[in-house]
1. Let's see if you can work this out: charge +1 on each Lys and Arg Cβ, -1 on each Asp and Glu Cβ, no other charges. What is the dipole magnitude of region 155-214 about its Cα centre, in debye to the nearest 20?
2. Got a sec? How would ARG186, ARG205, ARG65 order by Cβ neighbour count within 10 Å, fewest to most?
3. When ranked by the protection proxy of mean other Cβ atoms within 10 Å per residue, highest first, what sequence do the peptides 156-169, 107-120 form?
4. Need the full-extension length gain, ASP171 to LYS75, defined as separation in residues times 0.36 nm minus the C-alpha distance. One decimal, nm.
5. Rounded to the nearest 0.05, what FRET efficiency do LEU188 and ASN28 have when you use their Cβ-Cβ distance and R0 = 45 Å?
6. Using the number of other C-beta atoms within 10 angstrom as an exposure proxy, rank HIS124, HIS76 with the fewest first.
7. When the C-alpha atoms of region 8-138 are aligned to their principal axes, what extent does each axis show, in angstrom, from largest down?
8. Given q = 0.13, 0.14 Å⁻¹, what are the Debye log10 I(q)/I(0) values for region 155-214, with equal point scatterers placed on the Cα positions and solvent ignored?
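Nothing in this text is a laboratory measurement; each read-out follows from the coordinates by a stated rule. Note that the structure is a prediction, hence the values are computed from the model and not measured. All Cβ positions, even for glycine, are placed from backbone atoms using ideal geometry, and neighbour counts span all protein chains on display.
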Amino acid sequence: MHMKGTLRIVADERERQSGVPEELARLNVIVDYKQLEIGDYIVAPDSAVERKSIRDLMKSIYDGRLFVQCSELAKHYNRPILIIEGSMDQLDKVTENQMVFYGALASLALDFKLAIIHTISVEHTAKTLFALANRVMKDNKTGPLLRKVKKSNPTHIQQLSILASLPGVGDKLALRLLKKFKTPIRALNASIAELARIEGMGYARATRLRKILDTVQTGEKSEPQAALDGYDVDKNQV
């Protein structure tokens, strides 16, 4: 039995080696480890947290994991939170186009209603989690931190993420493309004429998109992309 007034946070088993639980322990927080289906930390019955380093965030944008994970977070928790950990200076090392990063954040905030918090280190992440759990205690919100959640099939979300990430497409056009062509590969192989018939696409945008998809690149990879390709994602794989 926990002492009255003691903060308790549930952490995913994969967070054991992250350094965050150790920092939480220094703040006298009781950390319970569980194999979480969704999120990395649960700080309240209705609030779960996904923690991402800058590198893992960019990697998960490109491979589609981010939107799947955050969709599940928003579906099962009324107050979903994304913590981005690390120096923003790292962005230059992992992407040539920072607008991909900021565009993804805009989508998470507006489309998925996620609260987004930036921390500069493991220590500051732990302090943020402490503050979140402490706020819940002050609000007298009670209830079990753990509950049964059933993850939905992420295939549809991943398909939309692939199409929405294309230049000039976005969420609405992605939905229309998938509805028309049924699969991303069919949409990617569609002709200019077929693409132009999609509402909101138009001939000019279809032509630009077809050019981007068909242009053959030569030479070595850029350093930022090579850095991403060489990055080993250690957790949160879907």
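1. Here the size comes out at about 120 debye.
2. ARG186, ARG205, ARG65
3. My ranking of the peptides, most packed first, is 156-169, 107-120.
4. Contour length minus the Cα-Cα distance gives 32.8 nm.
5. E between LEU188 and ASN28, to the nearest 0.05, is 0.30.
6. Ascending number of Cβ neighbours within 10 Å: HIS124, HIS76.
7. 41, 29, 26
8. The computed values of log10 I(q)/I(0) come out as -0.25, -0.30.
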